[in-house]
Amino acid sequence: MPRFTRAQLEAFRDQSVPDLIGDGCRLLIVGINPGLWTAATQTHFCHPSNRFYPALRTAGLIDWGIDTAKGITPGQRRDFTATGMGITNLVNRATARASEVSADELEAGGRRLVDLAQHMSPSVIAIAGVTAYRTAFRRPGAVIGEQEEGIGSASTWVIPNPSGLNAHVTVADLAGWLRRVADIARVGSGF
């Protein structure tokens, strides 16, 4: 598999990645911000060590994998949005690590997410990363799971971050969380 050099990835610093949202989005999955590899491939959660797509496949929500050197194909984009799922980020600025995103950026991203949710009206919003959620919504005591306060009319969940840097979360763990929020949003087979 071809890999990017550090210099190649650095060229994508501060770049953005468009939301992957289609009509009728019922489950909106929210990342913290794009990584440099994600910006290079224009594919959310795209890095060889990221567990997102393997977990979606394990959960039975997609039946394909992605080539992390090339990113998601146009056909896969259509298939993904046709399921009723969508992806956005709290902050749409690529960095090497999420820790490079400021609290002010996360809070602004939280406000943007509220606006987006009011416009789209998804059933469920799943934010991948409890620390980012705590900062973005000023809820320092938040834990993984369903949150007391929804965003717009959506029930809001915080799920584990699928990043390879979050080493204690397995593909099976993440698949369980994704399957749970997908069932609540009525996304996937049988709906």
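The values are calculated or read from the model by the stated rules, or taken from the named source; none is laboratory data. All figures in this text were calculated on a predicted structure; none of them were measured in a lab. With ideal geometry, Cβ positions are generated from the backbone for all residues, glycine too; neighbour counts draw on all protein chains shown.
Among the candidates Thr81, Thr73, single out the residue that is over 25 Å from Leu9 (Cα atoms) and among the hydroxyl-bearing types (Ser, Thr, Tyr).
Working: Thr73 fails: over 25 Å from Leu9 (Cα atoms).
The unique qualifying residue is Thr81.
Condition first: touching a Leu at 6+ places or on another chain (Cβ under 9 Å) and farther than 18 Å from Val171 by Cα. Now tell me which residues in region 28-51 satisfy that.
The answer is Leu28, Ile32, Asn33, Gly35, Leu36, Trp37, Ala39, Ala40, Thr43.
Out of everything in region 48-67 that is hydrophobic (A, V, I, L, M, F, W, C) and assigned to a loop (DSSP other than H, G, I, E, B), what residue ends up being surrounded by the fewest Cβ atoms within 10 Å (Cβ to Cβ)?
The qualifying residue surrounded by the fewest Cβ atoms within 10 Å (Cβ to Cβ) is Trp64.
In region 143-157, what residues are in contact with a Ser or Thr (Cβ under 7 Å, 6 or more places away or on another chain) and of a type in the set (A, V, I, L, M)?
Within region 143-157, Ala154 is the sole residue that qualifies.
Within region 11-45, can you find the residues that are of a type outside the set (Gly, Ala, Ser), exposed (fewer than 15 other Cβ atoms within 10 Å of the Cβ) and under 17 Å from Lys70 (Cα atoms)?
Matches in region 11-45: Pro18 only.
Please specify each residue of region 91-116 satisfying the condition of being at pLDDT below 95 and of a type in the set (Gly, Ala, Ser).
Result: Ala96, Ala98, Ser99.
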